[in-house]
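The values are calculated or read from the model by the stated rules, or taken from the named source; none is laboratory data. Model, not experiment: these values are computed from the prediction. No Cβ is skipped: glycine too gets one built from the backbone with ideal geometry, and neighbour counts run over all protein chains shown. These accessible areas exclude ligands, DNA and RNA; they are computed on the full protein's heavy atoms, side chains included. Shrake-Rupley method; radii C 1.70, N 1.55, O 1.52, S 1.80 Å.
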Amino acid sequence: MLLKLEGVPTTEVREDNRADRERLVRAPMVDLLSDLADADPRYADFSVWHFAKDPFWWQHQGAVVRLARNVEIGLRFDLDGLHVKGAWHYPDPGQVRRFRAAVAEDSTGAELVEILAALPDQFEVTGDVMKRGPRDYPPDHPRADLLRYRSLVATRPVWPDDAIHTAAAVDQVLAVAQELDALLSWLVRHVPLPQP
């Protein structure tokens, strides 16, 4: 199905494939997220994106599971397979300051370093990273590299590829979510702003 939408598909091509894309791509993602929520109630707050007008979203099916404000598990399905990410991104004002304070503090900062080091090698850790460290912290801070982050994302594909077309996809995504659990739990504890 997604092969028909490669490149820059015209509006006519997209409309001709709308029903099939909904049935074969988006609906299975909704089912997958529903099954995840059934398996673990922490994953019940989810959204599966529509494909709007941008061809990119017709070619890539996205979804998120919200764990806290701007802390989420993201899923993306496309011709490259199914990818899962644990993310804190698009921070609210004040969240970067809270993240940096937790990174700078010896116990919580060391905990994050250990969590990131323990992630399996398949994960790619990225984020919005400043070229220089923030002025509020000395350049020789032991976690100066982490203090430069304004978002933090760990992503990996789901394997084996053929599992994503079966009921085993739920187990595979749950396994990746388990690998991300320590990181996401740390972010949930230290980044969101207190509720009034």
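Remarks
- Residue count, the stretch 51-109 (criterion: under 17 Å from the mean Cα position of the chain (by Cα) and closer than 23 Å to VAL13 by Cα): 9
- Search result, residues across the stretch 71-81 that are part of a strand (DSSP E or B) and either open to solvent by 50 Å² or more (accessible area, probe 1.4 Å) or among the polar types (S, T, N, Q) (or both): ARG76
- Residue match in the stretch 123-146 (condition: polar (S, T, N, Q), open to solvent by 80 Å² or more (accessible area, probe 1.4 Å) and without any contact (Cβ under 8 Å) to a residue 40 or more places away in the chain): no
Here is a yes/no grid of residues against (1) more than 25 Å from LEU184 (Cα to Cα); (2) open to solvent by less than 20 Å² (accessible area, probe 1.4 Å):
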position: ALA19; (1), (2): yes, no
position: GLU22; (1), (2): yes, no
position: LEU36; (1), (2): no, yes
position: ASP45; (1), (2): no, no
position: PHE51; (1), (2): yes, yes
position: ARG69; (1), (2): no, no
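- The stretch 1-17, subset touching a residue at least 60 places away in the same chain (Cβ under 8 Å) and open to solvent by 90 Å² or more (accessible area, probe 1.4 Å), residue farthest from THR166 (Cα to Cα): GLU6
- Total residues in the stretch 99-122 satisfying the condition of being in contact with a Leu (Cβ under 8 Å, 6 or more places away or on another chain) and either on the phi > 0 side of the Ramachandran plot or of a type outside the set (A, V, I, L, M) (or both): the figure is 3.
- The set of residues in the stretch 155-196 being under 22 Å from PRO91 (Cβ atoms), at pLDDT below 90 and of a type in the set (S, T, N, Q) consists of GLN195 alone.
- In the stretch 101-125, the residues that are part of a helix (DSSP H, G or I) and either touching an Asp or Glu at 6+ places or on another chain (Cβ under 7 Å) or β-branched (Val, Ile, Thr) (or both): VAL103, THR108, VAL113, ILE115
- Just one residue in the set VAL65, VAL103, VAL96, VAL84 is out of contact with any helix residue (DSSP H, G or I) (no Cβ under 9 Å at 6 or more places or on another chain) and either at pLDDT 95 or above or open to solvent by 40 Å² or more (accessible area, probe 1.4 Å) (or both); that residue is VAL96.
- Only residues that are assigned to a loop (DSSP other than H, G, I, E, B) and either of a type in the set (A, V, I, L, M, F, W, C) or surrounded by fewer than 13 Cβ atoms within 10 Å (Cβ to Cβ) (or both) were counted across the stretch 147-160, and they come to 3.
- No other residue among GLU111, GLU179 is farther than 22 Å from GLY74 by Cβ, open to solvent by 50 Å² or more (accessible area, probe 1.4 Å) and in contact with a Phe, Trp or Tyr (Cβ under 8 Å, 6 or more places away or on another chain) apart from GLU111.
- Of all the criteria given as (1) part of a helix (DSSP H, G or I); (2) open to solvent by 20 Å² or more (accessible area, probe 1.4 Å); (3) in contact (Cβ under 8 Å) with a residue 24 or more places away in the chain, the one not satisfied by LEU187 is (2).
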